[in-house]
Each structure stands twice: as C-alpha cells, then as structure tokens.
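Novice: Take a look at the following structure, please.
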Amino acid sequence: MIDQRTAPYAALLLRVTISGYFIAALYGKFFLRGINAWWDGLVKAGYPEWVLAYTLSAEFASAILLLLGVYVRWVCLYTLPMMLGATHYWMVRKNFWFVEGGWAMPFAWSVMLLVQALLGDGALALKVPSLPWERGYKQRAAI
C-alpha cells in the first residue's frame, strides 16, 4: 500500500538526492579534474564528441531541473541512456563493486532515475505548463 500523505515527500527526497549527485559530478568535472581532462580522456577512449555534449546536457538538466521539480519525468528519461552508457563504460573497464570504481554506482543511479520517472514530480515542484504531448494524455484521462 502506498501512503498518499508521504509519497510526494519520498519523491521529493529522491529528486533532490539525484540532483545532488549530478551537482557533485559536475563539480568534479569542472573544478576537481577539469573539463578538458574529462573530455580528452573520453575522446581518447573512442567516444564521439556528440556523446560528451549529450552527457553534459543531461547532467546539467538533471542537476538544475530535478532540483526545481521541472519536467521531472522527462528529464529522468532524457538522462537515463547516459547513465546506462556510464554503467557500460565502467562495466567493461572495472569490476562491479563501488569501492573499486565499478559499475554498481552508475547502475544504482540508473535505477533511481527510472524510479523517479515512474513517481513523477513529488512535493514542492515548480508548476510549469504541460508539454504538448502531455496535454492530450491529461484530456483523455479526465474523460
């Protein structure tokens, strides 16, 4: 049974946690390691530059929009392929375990994105206009 009183706050907690992870990831890329080192390392590993641009756009969207509760479901679905790609990246290079920098963390992160997409915005989300494809769905659901 789902407790309708606390479920929106659970979604809020998950949303803020995921956003915090992306803020930390961006901080590491830009301030600790350096964006050029990150970018050049992945280009040398064989990734096309469009994948890196998509990665940064997904991370920025998740860091900012999830924190605010804006288009949460769609941001999570946009970011999910990037996290599955990160899971694959570490799967072929390392072991499973968190302590060895393996693929366990990006896989758990992917599951969290999927759960958030299923839950929706949660409490304290900013009210924004519906997207065009959502309007038709909401009208059909009201019938």
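Novice: Under 6 Å by Cβ, and 6 or more places apart or on different chains, what pairs join a residue from region 19-35 that is over 13 Å from Leu56 (Cα atoms) with one that is surrounded by 12 or more Cβ atoms within 10 Å (Cβ to Cβ)?
Specialist: Qualifying pairs under 6 Å: Ser19/Ala63; Ser19/Leu66; Ser19/Leu67.
Novice: Taking the stated definitions as given, is Trp90 more than 15 Å from the chain's Cα centre (by Cα), at pLDDT 95 or above and part of a helix (DSSP H, G or I)? Steps first, please.
Specialist: Numbers: more than 15 Å from the chain's Cα centre (by Cα): yes; at pLDDT 95 or above: no; part of a helix (DSSP H, G or I): yes.
Here the answer is no, as Trp90 does not meet what is asked.
Novice: Let me ask something additional. For region 100-139, which residues satisfy the criterion of being surrounded by fewer than 17 Cβ atoms within 10 Å (Cβ to Cβ) and charged (D, E, K, R)?
Specialist: Across region 100-139, the qualifying residues are Glu100, Lys127, Glu134, Arg135, Lys138.
Novice: Out of all the residues in region 104-133, which are more than 20 Å from Gln4 (Cβ to Cβ), of a type outside the set (Val, Ile, Thr) and in a helix (DSSP H, G or I)? Even if it seems obvious, please write down each step before you answer.
Specialist: Looking only at region 104-133, we keep the residues that are more than 20 Å from Gln4 (Cβ to Cβ), and these are 104-114, 126, 128-133.
Next cut, of a type outside the set (Val, Ile, Thr) only: 104-110, 112-114, 126, 129-133.
Across region 104-133, the qualifying residues are Ala104, Met105, Pro106, Phe107, Ala108, Trp109, Ser110, Met112, Leu113, Leu114, Pro132, Trp133.
Novice: Which ones in region 22-59 are open to solvent by 90 Å² or more (accessible area, probe 1.4 Å) and either within 21 Å of Tyr78 (Cα to Cα) or acidic (Asp, Glu) (or both)? Explain how you work it out, then say what you get.
Specialist: Kept after step one, since they are open to solvent by 90 Å² or more (accessible area, probe 1.4 Å), are these residues of region 22-59: 27, 31-33, 36, 44, 49-50.
Once the filter is applied, which keeps residues that are open to solvent by 90 Å² or more (accessible area, probe 1.4 Å) and either within 21 Å of Tyr78 (Cα to Cα) or acidic (Asp, Glu) (or both), region 22-59 yields Tyr27, Glu49, Trp50.
Novice: Of all residues in region 60-87, which are among the polar types (S, T, N, Q) and either open to solvent by 30 Å² or more (accessible area, probe 1.4 Å) or within 11 Å of the chain's Cα centre (by Cα) (or both)?
Specialist: Of all residues in region 60-87, those among the polar types (S, T, N, Q) come to 62, 79, 87.
Within region 60-87, Ser62, Thr79 qualify.
Novice: Here is a follow-up. Since Asn95 meets every condition but one in (1) free of Cβ contacts under 8 Å to residues at least 24 places away in the same chain; (2) part of a helix (DSSP H, G or I); (3) open to solvent by 20 Å² or more (accessible area, probe 1.4 Å), which condition does it not meet?
Specialist: Single failed check for Asn95: (2).
Novice: Hey, another quick one. Looking only at region 42-84, count how many residues are in contact with a helix residue (DSSP H, G or I) (Cβ under 7 Å, 6 or more places away or on another chain) and modelled with pLDDT under 95.
Specialist: Within region 42-84, residues that are in contact with a helix residue (DSSP H, G or I) (Cβ under 7 Å, 6 or more places away or on another chain) and modelled with pLDDT under 95 number 1.
The values are calculated or read from the model by the stated rules, or taken from the named source; none is laboratory data. Keep in mind the model is a prediction, meaning the values are calculated, not measured. When we count neighbours, we look across all protein chains shown, and the Cβ atoms used for this are built from the backbone with ideal geometry, even at glycine. With ligands, DNA and RNA removed, areas are computed over all heavy atoms of the protein, side chains included. Shrake-Rupley method; radii C 1.70, N 1.55, O 1.52, S 1.80 Å.
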